[in-house]
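I have placed the structure first, in the form of structure tokens, so that the comments after it can refer back to it.
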Amino acid sequence: MREYLLTLCITAAVTYLLTGPVRKFAIVAGAMPEIRARDVHREPTPRLGGIAMFFGLCAGLLAADHLTNLNEVFTKSNEPRALLSGAALIWLIGVLDDKFEIDALIKLGGQMIAAGVMVMQGLTILWLPIPGVGNVALTPWQGTLLTVALVVITINAVNFVDGLDGLASGMVCIAAAAFFLYAYRIWYSYGIEAAAPATLFSAILMGMCLGFLPHNMHPARIFMGDSGSMLIGLVLAAGAISITGQVDPDALALFTGSEKAAVHQTVPVYIPLLLPLTIIAVPAADLVLAIVRRTWRGQSPFAADRGHLHHRLLEIGHSHSRAVLIMYFWSALIAFGALAYSVNSASMWIVLGVVFLSAIGLVLLLLPRFTPRAPRWAEHFVPPRYRRRRAAAAAVATCPPAAPVEDESRTPVSAGVNGASAVGARSRLLDGRNAGTSR
């Protein structure tokens, strides 16, 4: 555990220290696109944050290679090298998109090629644990198609949710934390060395997100861009592929009595990891809803819009920070709920706890729909927004409403908050509500 934590800290430190210079490089390189109609930020903000995250990934793998115990992951498995090869390719495609905005189909092809590169080097799904059947071996073609599909789904799910400051990096960090605990349990508790690469990948992924998150919290000083969102999506998919399709459930049969019993014991997390619906359930749901919504309207599934879940939260009335925290809450609830259920699926307390927290989450979602009012005897002890204000209500009832006035609080912030001072005067910048794009 100490070596995993050391690898995590090195990855986070390198990512954090490189993000500042990368931000300056992005401004000089002109990787600050105009504000689009679907954007929620009001100042052009540099992208290319994925450069720092990629070098953090390289630093984490290099540090792990020189540690006593984690070095065995590199000597006994080719998966770290496969991850680095696929990550380098998808990162390069993302950097080009952040600068030149390449076509969506070209990016999709690059994602499939990156997945194919990992498959060629051994990072692929070899078998599937099926409930009631046991361990089912896959043919090379079946394993390749399933691996490519998982990589593409995960990358695009993370990319779709990258719409608010700190949202994608925080949600992936939560997912990586839950994934690390699950993989570490399989590796340490059962002594299965095949789970060590997935444990290492999740530790490095947490370091990448934690190192970048301080620069990306609202108001963000830099965005990760596609170079970062596709990169962390690929790393998350690589861990899921490694532990789902590489760890033989027959090894767990030593502790449960039979292979079918081992599959039943691990099915609460094995099957969701196959199509990561618990680890990245919220991004995956956003991806499916976006495809259905755009196809129903006769648009391309890759056409951008303002119908994502985080956009809906802002339209309901949540602030930027509250919308991000709500998304964090649901991601943590689903990921750690599945983790707890995999440890003890027979416990009714886990189910009741998940139901109770889900009710709290629903209340948080509907919070802007109502404004609580304090009792009259407590009005002097609460902020004014929670008082009944009977006099104000009577005045509104007797006087006609005034003409609508433009909300001055919605005006763009002054130049310099997100680096706009580096590209010129504020008057030359486009307002996000009027700027459009073909993407």
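The values are calculated or read from the model by the stated rules, or taken from the named source; none is laboratory data. Only a predicted model underlies this, so the values are computations on that prediction, with no experimental measurement involved. With ideal geometry, Cβ positions are generated from the backbone for all residues, glycine too; neighbour counts draw on all protein chains shown. Surface accessibility is based on the protein's heavy atoms, side chains included, excluding ligands, DNA and RNA. Shrake-Rupley method; radii C 1.70, N 1.55, O 1.52, S 1.80 Å.
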Verdict on Lys76 being open to solvent by 70 Å² or more (accessible area, probe 1.4 Å), out of contact with any strand residue (DSSP E or B) (no Cβ under 6 Å at 6 or more places or on another chain) and in contact (Cβ under 8 Å) with a residue 24 or more places away in the chain | yes
Take the residues in region 356-380 that are assigned to a helix (DSSP H, G or I), open to solvent by 90 Å² or more (accessible area, probe 1.4 Å) and at pLDDT 65 or above, then tell me which one is nearest to Ser331 (Cα to Cα).
-> Leu362
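Residue-by-condition table, conditions (1) closer than 21 Å to Leu123 by Cα; (2) touching an Asp or Glu at 6+ places or on another chain (Cβ under 8 Å):
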site: Gly170; (1), (2): no, no
site: Ala175; (1), (2): yes, no
site: Tyr182; (1), (2): yes, no
site: Trp187; (1), (2): yes, yes
site: Ala194; (1), (2): yes, yes
Any idea which of Trp141, Trp91 is surrounded by fewer than 22 Cβ atoms within 10 Å (Cβ to Cβ) and either at negative phi or touching a residue at least 60 places away in the same chain (Cβ under 8 Å) (or both)?
-> Trp141
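Every residue, every condition in (1) within 15 Å of Ser242 (Cα to Cα); (2) surrounded by 23 or more Cβ atoms within 10 Å (Cβ to Cβ), yes or no:
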{"site": "Leu164", "(1), (2)": "no, yes"}
{"site": "Ser169", "(1), (2)": "no, yes"}
{"site": "Ile174", "(1), (2)": "no, yes"}
{"site": "Phe179", "(1), (2)": "yes, yes"}
{"site": "Tyr182", "(1), (2)": "yes, yes"}
{"site": "Trp187", "(1), (2)": "yes, no"}
{"site": "Pro197", "(1), (2)": "yes, yes"}
{"site": "Ile204", "(1), (2)": "yes, yes"}
{"site": "Gly207", "(1), (2)": "no, yes"}
Criterion: farther than 29 Å from Leu213 by Cα and of a type outside the set (Gly, Ala, Ser) - qualifying residue of Val363, Val351 = Val351
So, first residue under 14 Å from Ala12 (Cβ atoms) in region 207-228, second residue buried (at least 20 other Cβ atoms within 10 Å of the Cβ) and among the charged types (D, E, K, R), Cβ within less than 7 Å, six or more apart or across chains; the pairs are Asn216/Asp165
